[in-house]
Structure formats: C-alpha cells, structure tokens
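The values are calculated or read from the model by the stated rules, or taken from the named source; none is laboratory data. Keep in mind the model is a prediction, meaning the values are calculated, not measured. Here the Cβ positions follow ideal geometry from the backbone for every residue, glycine too, while neighbour counts run over all protein chains shown. Protein only, heavy atoms only, side chains kept; ligands, DNA and RNA dropped before computing areas. Shrake-Rupley method; radii C 1.70, N 1.55, O 1.52, S 1.80 Å.
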Amino acid sequence: MTIKNICCIGAGYVGGPTMTVIAQKCPNIKVTVVDINEARINAWNNSDLNKLPVFEPGLDSIVEEARDRNLFFSTNVDAAIDEADMIFISVNTPTKTYGKGKGMAADLKYIELCARQIAKVAKTDKIVVEKSTLPVRTASAIKNILDHTGNGVKFQILSNPEFLAEGTAVQDLLKPDRVLIGGDTSAEGEQAIQALVDIYANWVPKDHILTTNVWSSELSKLTANAFLAQRVSSINAMSVICEKTGADVSEVSKAIGMDSRIGPKFLKASVGFGGSCFQKDILNLVYIAKSYGLNEVADYWEQVILMNDYQKNRFSDNIVSTLYNTVSGKKIAFLGWAFKKDTNDTRESAAIKVADNLLNERAHVEVYDPKVTEEQIYTDIDYLNSRNYEENRKLLKVNSDPYECCKSAHAIAVLTEWDEFKTYDWQKIYNNMQKPAFVFDGRGVLDTKVLEDIGFVCYSIGKGHV
Ligand code: NAD
Ligand code: UGA
C-alpha cells in the first residue's frame, strides 16, 4: 500500500515539526496539518518565518521549502480527514484536571474527539496513527470508537510515538535514534505497519525502524520518558549531597558517565526538569500502575516527581535564606523562563514554580528570556491563581534587555541554560547591581570562578552553598 495523502490532526510542537520533516523527505506525499486553533494555523502559514508558532533551530528553512508544495496547514479538519489515506493524531494529552484520575491520568478527551470525527467523516479505509503519547491500551479504545461509530470502512490503528526533544526537534527528526511503530499482528496490521515503515525509510536507515506490537509501542514511550526523567532526578538528588559535602556534581556526572553502562548524557543537574511531558507521562504511568493495584511500582515512579518538586522548592528557599531570610521588596532578575534552551516553550518550566515561590515572599521578579514573550510569562504566572492579576503585574516585570533586567537587582537567578548568558559582560552587570551581588545558577552554565573574581557571591547547583 502506498500512501499518497497524509493528514495530521494537531499542529503543535509535535504535529508541526514532524509533518514538516515528512513533507520535506517525501515530496510525493501531500501532507496536511490541521488544527482547531485558527491562530496557530495562521501562524504556521505566516510568510514571516520568524512568526511560526514553534521556535526550533532549523525549522523555518524546512517549512519554507515544503510549505505550499506538499505541506499545508489548515483549519478544515473534515476535508483533510476525508482525502487522507493515513491520519496522524497529534493532539495534546494533558493530565486530567477533573473527575476520576484527576491530577494523574491522561485526559483523553481530545483523542476521543479526533476518533469520533474520523469515524464520522471517513468514507474510505484509513490507517490511523497514534502520534500523541498515550496510556498503554488506548489503541483498543480508538479502534472501538472507529468501528462502532464509523461508516463501515476499515481502520488500522498504529502506534508511532514521537521521541523528539524540543530545541533539537529538527535534528531528532532528521536523524532519530529509532522510529518505533506498533501495530496489529494480523495481515492487514502488518500491511499498515509496512506503509508507515516505507514513509520513514525515505530518510531513516532501516535498522533504526523498530516494529513491535501496539501495546509495547505505547508503553515504550511512557517508559522512555520515565527513564529520562529518572536520570535527571537521580543526578539532582546527588546535587544536594554534593552541596553538603563539597563534591562538584559536574565532576561526579563526568566520572559516572564515563562508565559505558551509565553513559554521559542526561546527567546535568538542574533546578528541575520541566516541559510538557515528563511530569504528565510519569503521573500517567503512576496512575496505570495504581489502576492495576501495583502500588509499589506507582510509589517508585512517583518519587521521580517528588524529587523534582523538591529541587525547584529548595532552589527558591536557598535564594530566600541566602538573602538574609527576606526577599520582600528585593529585585530578583531571572535569566531564562523557557523550560530549556532553544525553545519558546514554557510548559512546566521550573522558572514558573521558582517565581511563584519568590512572589509569595513579596519579591520583585524581573524576567528576561530571549524567546519567550511577555504575554506568555504573564499567562504562566496568572494560571497558578496564587495572586490576582494586578498583584502579578505589580510584582513581576518582563524586560527584553538582559542588562536592564539585572539593573539594581539584589540577585540574579539563572533558570534556563541559554548559551548567550555565557557571553554577557558580567562586569557591567555587576557594576549596576545592589551589593553584595548574588548569582544563583540553577543550570550550572556560568563560570563561577570568573564571576567570583568580579565580586559576585555565587551559588551554582550541585557546587556548594554560598
Ligand atoms: P500541543 O498542545 O503543542 O499541540 C496539540 C494541538 O492539538 C493544539 O494546537 C490543539 O489545538 C490541537 N487539537 C486538540 N484537539 C484537536 C482536535 N479535536 N482537532 C484538531 N486539533 C486539535 O501539544 P504537543 O506538544 O504537540 O504534544 C502533542 C502530543 O505529543 C502529546 O501527547 C505529547 O505528550 C506528545 N509529545 C510531545 C512532545 C513535545 O516535545 N512537545 C514530544 C513527544 C511527544
Ligand atoms: C523529552 C524527551 O527528551 C523526548 O525524548 C520526548 O519525546 C519528549 O520529552 C516528550 O515526550 O515530550 P523535552 O521535554 O522536549 O523532551 O526536553 P528534554 O531535553 O528531555 O528536557 C526535559 C527537561 O529536563 C528540561 O527542563 C531540561 O532542562 C531537563 N534536563 C534534561 C536536565 O535538567 N538535565 C539533563 O541532563 C537533561
């Protein structure tokens, strides 16, 4: 079976970049990315490539190459479903905020809406691909809806979870460690798997394309994120011990990472992991374990989240205690708001929690981030409902100039590891700050030796307290 027409429902951080790369690599396939969010679709269609809704290094030039050739962004969901042979579901699967499983289970309402819409519209057989991250066994729910509410056409469900990381999405898509495709073991299932393998085979080496049964594929995605997040929590746990004992966490990371069984990646201590998925996917895993009565398994994975919460809170606590136990009325400059460098995404960013804690202490927080808009920062902080709209605007400011942001500050907190922070004129920043001038580097990116020579009092995560 040769796929000629792809539809992707959901034009977010995954749907947009993923489909852009498929369109670039498969010029003979028409790829239409649809979304109910009109503003998002308009932004994907914006002729000014700086205004794409997702910032990812290298994405703009690929969009430019494929857009309006064989890549289209549209709000006409029905039309795109109708003409597609293969439909990717790439909508959001946030943590449930209501009812059973509140605060833990994945909210599958957007997935179900997509399944019902596909069933309603489809007049020809379709392959439906789960691109969103889903609880294990969701494919059977999707299949049930499609088979019971559809027009009698045949559906094959594949699981094809996405492993890209934000900030490196384009490289991750062009050269994935692996592509995972789960499908039914029937003849039709195998045919569907092959159709998707053939698409990826246009640029991914065959031995990097792994096929499994659907449940293994669904569960592997949650497992991968749980293991990655666990590594961050593990090294963050060690960062606390380093601070108490005089060890240096970056040296410890290097020392253990040279063991080929451990490996060097994902061992950077930080103020805590953020991003839209680690926490949500682990909570989802915890919920699944609990729903099978596996409480020890659930508790084991929940600890990864608890450690992460601890890391964020102890960072802000440390700022307060170091600034003589009061930050009320003091200006704290934040360098960075995104959850990691090279992205404009702020979902679950550690910066939000740290800011919230400091604002509760009546600190004046001023934020600079090279890619995150003022509107987004206020949206993030208002969403917490910790203070009212006016208070948030009184206590929190956003500055588009890092030097102005740090001016007259009592302390600087580094929340994102943007490369440009290393290139600043730190002497100039120091000269314009209150004294003693403190730097709290929550990412371990600045050279504390250089800063201390200038006169800063430095705290760097995992390197011992001031
Ligand atoms: P996102 O919120 O950026 O995008 C989802 C989009 O789906 C939104 O624009 C929303 O308007 C749209 N949508 C929701 N319901 C719709 C409907 N019924 N019809 C049409 N459009 C609809 O989310 P994301 O970050 O792209 O994540 C999508 C999925 O991919 C999630 O399950 C996530 O866990 C997974 N994932 C995300 C990443 C990542 O780096 N962000 C990486 C791997 C996997
Ligand atoms: C993560 C996974 O890496 C992807 O494989 C996965 O597809 C994705 O989640 C998802 O399912 O959404 P992402 O969250 O975009 O990708 O970014 P990561 O590079 O994993 O970073 C996550 C968080 O961990 C960031 O806040 C980052 O700063 C932090 N981190 C990462 C550390 O604190 N230390 C590290 O060593 C690595």
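3J(HN,Hα) along the range 39-54, derived from phi through the Karplus expression 6.51 cos²θ - 1.76 cosθ + 1.60 where θ = phi - 60°, amounts to 4, 5, 5, 4, 5, 5, 8, 4, 6, 7, 5, 6, 9, 4, x, 10 Hz, with x in place of Gly and Pro. Among rounded, prolate and oblate, which fits the range 315-451 when a ≥ b ≥ c are the square roots of the eigenvalues of its C-alpha gyration tensor, a/c under 1.5 means rounded, and a/b larger than b/c means prolate? Taking the square roots of the gyration eigenvalues as a ≥ b ≥ c, the range 315-451 is oblate.
Taking trypsin sites (Lys or Arg not before Pro) across the range 1-58, the ones in a DSSP loop with at most 15 further Cβ atoms lying within 10 angstrom of their Cβ are K4. On a per residue basis, the range 392-466 carries 42 Å² of accessible surface, using protein heavy atoms and a 1.4 Å probe.
Amide H contacts of T212: I181, G182, G183, each under 5 Å away and 5 or more positions distant or on a separate chain (H built 1.01 Å from N in the peptide plane; Pro and chain starts excluded).
Measuring nothing but how far apart in sequence close Cα pairs (under 8 Å, 6+ apart) lie, relative to its length, the range 3-150 scores a relative contact order of 25 percent.
Scaled to the globular estimate 2.2 N^0.38 Å, the Cα spread of the range 40-131, given as radius of gyration, is 1.32. For the chain, the equivalent ellipsoid built from the Cα gyration tensor has semi-axes of 42, 24, 21 Å, listed from largest to smallest.
In this structure the amide hydrogen of A413, modeled in the peptide plane, comes within under 5 Å of the amide hydrogens of A333, F334, L335, F440, none closer than 5 places in sequence on its chain. Computed from Cα atoms, the angle from the helix 187-200 axis to the main principal axis of the chain rounds to 50 degrees.
Taking Cα pairs under 8 Å and at least six residues apart, what relative contact order does the chain come out at, in percent?
Details: 907 pairs, mean separation 55.1, N = 466.
Once divided by the residue count of the chain, the mean separation gives 12 percent.
In order along the range 388-405, the phi-based Karplus estimate (6.51 cos²θ - 1.76 cosθ + 1.60, θ = phi - 60°) of 3J(HN,Hα) comes to 7, 3, 5, 4, 4, 6, 6, 8, 10, 10, 10, 10, 8, 10, x, 5, 5, 4 Hz; Gly and Pro are listed as x.
Couplings 3J(HN,Hα) of the range 243-248, computed from phi: 4, 7, 10, x, 6, 10 Hz, in residue order, whole Hz [Karplus 6.51 cos²θ - 1.76 cosθ + 1.60, θ = phi - 60°; x for Gly and Pro]. Can you give the Kirkwood hydrodynamic radius for the range 274-315, in Å, rounded to one decimal and based on Cα pairs? One decimal place: 10.6 Å for the Kirkwood radius.
Neighbours of G257, meaning other residues whose beta-carbon lies under 11 angstrom from its beta-carbon, give a summed charge of +3 when Lys and Arg score +1 and Asp and Glu score -1. With respect to the chain, whose longest principal axis is taken over its alpha-carbon atoms, helix 15-25 is tilted by about 60°.
For F73, the residues 5 or more places off, or on other chains, whose built amide H falls under 5 Å of its own are V33. Working from Cα positions, state the angle (0 to 90°, nearest 10) between the long axis of helix 350-360 and the longest principal axis of the chain. That works out to roughly 50 degrees.
Within the chain, antiparallel bridges make up roughly 5 percent of the DSSP beta bridges whose residues both belong there.
For K428, list the lysines whose Cα falls under 22 Å from its own Cα; do not include residues on the same chain fewer than 8 positions away. Those lysines meeting the cut-off are K330, K331, K397, K407, K449. Going toward the positive end of the dipole of the range 1-142, with +1 on Lys and Arg Cβ and -1 on Asp and Glu Cβ, which of G101, V54, C26 do you reach last? Comparing the listed Cα positions along the dipole, G101 ranks first. For the range 120-242, the solvent-accessible area with a 1.4 angstrom probe is 42 square angstrom per residue. Estimated at 0.36 nm per residue, the fully extended path between W215 and R362 surpasses their Cα-Cα distance by 48.0 nm. Surface composition of the chain: carbon and sulfur atoms hold 51% of the protein heavy-atom accessible area at a 1.4 Å probe.
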